[in-house]
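The structure appears right after this line, and notes come after that.
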Amino acid sequence: MSFFDRNRKALSQRGIDPKRLPPGQYFTDRFPVLHVGDVPKYDDLAEWDISVAGLVERPLRLSWEQLLARPSVEITTDIHCVTKWSKFDTLWKGYSLIELLNEAGIRSDATHVMFHCEFGYTANLPLADIMEPNVALLAYEFNGEPLEGQHGFPLRALVPHLYLWKSAKWIRSIELMAGDKPGFWERNGYHMYGDPFLEQRFWGDGS
Ligand SMILES: Nc1nc2c(c(=O)[nH]1)N[C@H]1C(S)=C(S)[C@@H](COP(=O)(O)O)O[C@H]1N2
Ligand SMILES: [Mo]
């Protein structure tokens, strides 16, 4: 039996439905760290802000304090990385992404969003994917603790139904766009959408 088969079997023994593990994935209790480039350092979050730009009625900029003052939501969810690890029942706290976009007023011609992060990392996804409340967060806590620097402190996107490269760490701006555009990994061989259950890892993988 292969590593992947043994791993999937171990899931049932833990009482977790193996259907929750997408094809080609293994589960882990660790929380691997993956990114390109450096981890940004913030001496003073008074300098930090998050903005909403592009096809919105009222471009918007919030300070760290303003973001924290808004009602938070918590979600427990499974996460799936294209490098084949998945993690079950992770707990995140943050601000509902769609609430922030609605506050800015989504224009009717907007169809996609682009996340913009420190050092130029970007990730794209359809707006339709995040219209429901609490499917995507701007997360600042993981398992009850502030995000660690390497996992995105102070703020990361969390879009758990897509491969984790879409969950952009160190996010600073969200751009509303008419039509889709590739982000960092999407320009470098990864799938434009990235559904883990359809194994949309790379360009040309099934839709
Ligand atoms: N800003 C930024 N966000 C990023 C990345 C990155 O390189 N830069 N890598 C992505 C990828 S490929 C993955 S798998 C996840 C990993 O998140 P983790 O390090 O918290 O496990 O972050 C995503 N978010
Ligand atoms: Mo990744």
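Filtering Leu147, Leu164, Leu176 for residues that are more than 14 Å from Val113 (Cα to Cα) and either more than 10 Å from the chain's Cα centre (by Cα) or of a type in the set (Asp, Glu) (or both) leaves a single hit, Leu147. Just for the range 4-30: of the residues that are surrounded by 15 or more Cβ atoms within 10 Å (Cβ to Cβ) and in contact (Cβ under 8 Å) with a residue 40 or more places away in the chain, which one is nearest to ligand 2 (Cβ to nearest atom)? Out of the qualifying residues, it is Gln25.
Is at least one residue of the range 107-114 away from ligand 1 (no atom under 16 Å from the Cβ), outside any helix (DSSP H, G or I), buried (at least 16 other Cβ atoms within 10 Å of the Cβ) and at positive phi? Among the residues of the range 107-114, not one is away from ligand 1 (no atom under 16 Å from the Cβ), outside any helix (DSSP H, G or I), buried (at least 16 other Cβ atoms within 10 Å of the Cβ) and at positive phi, which makes the answer no. Taking residues in the range 184-207 that are closer than 22 Å to Lys87 by Cα, and partners anywhere that are surrounded by 18 or more Cβ atoms within 10 Å (Cβ to Cβ) and among the small types (Gly, Ala, Ser), the pairs with Cβ atoms closer than 6 Å and at least 6 places apart or on different chains are Gln200/Gly194. Scanning the range 13-31 for residues that are over 28 Å from Gly152 (Cα atoms) and touching a helix residue (DSSP H, G or I) at 6+ places or on another chain (Cβ under 6 Å) yields a single hit, Pro18. Within the range 140-193, being charged (D, E, K, R) and in a loop (DSSP other than H, G, I, E, B) holds for Glu148, Lys169, Asp180, Lys181. Pull up the range 45-98, narrow it to residues that are among the β-branched types (Val, Ile, Thr) and more than 16 Å from ligand 1 (Cβ to nearest atom), then point me to the one that is surrounded by the fewest Cβ atoms within 10 Å (Cβ to Cβ). Among those residues, the one meeting the criterion is Thr76.
Checking each residue of the range 116-123 against the condition of being buried (at least 17 other Cβ atoms within 10 Å of the Cβ), within 16 Å of ligand 2 (Cβ to nearest atom) and either part of a loop (DSSP other than H, G, I, E, B) or acidic (Asp, Glu) (or both) gives at least one match. If you go through the range 143-158 and keep only what is in contact with a strand residue (DSSP E or B) (Cβ under 9 Å, 6 or more places away or on another chain) and touching a residue at least 60 places away in the same chain (Cβ under 8 Å), you end up with His151, Phe153, Pro154, Leu155, Ala157, Leu158.
Among the residues of the range 3-31 satisfying the criterion of being assigned to a loop (DSSP other than H, G, I, E, B) and among the aliphatic types (A, V, I, L, M), which is farthest from Gly194 (Cα to Cα)? Per the stated criteria, the residue is Ile16. Return the residues of the range 32-65 that are among the acidic types (Asp, Glu), farther than 13 Å from Trp170 by Cβ and assigned to a loop (DSSP other than H, G, I, E, B); say none if nothing qualifies. If the condition is that a residue be among the acidic types (Asp, Glu), farther than 13 Å from Trp170 by Cβ and assigned to a loop (DSSP other than H, G, I, E, B), then Asp43, Asp44, Glu57 are the ones that fit.
When the range 155-207 is filtered for residues that are within 11 Å of ligand 1 (Cβ to nearest atom) and at pLDDT below 95, nothing remains. Among the residues of the range 21-42, none qualifies, meaning not one is over 23 Å from the mean Cα position of the chain (by Cα) and of a type outside the set (Gly, Ala, Ser).
Among residues of the range 50-63 that are over 11 Å from Arg107 (Cβ atoms), those with a Cβ under 9 angstrom from a residue that is of a type in the set (A, V, I, L, M, F, W, C) and part of a loop (DSSP other than H, G, I, E, B), sequence gap 6+ or separate chain, pair up as Ile50/Leu155; Ser63/Trp48.
The values are calculated or read from the model by the stated rules, or taken from the named source; none is laboratory data. Since we're looking at a predicted model, the values are computed, not measured. With ideal geometry, Cβ positions are generated from the backbone for all residues, glycine too; neighbour counts draw on all protein chains shown.
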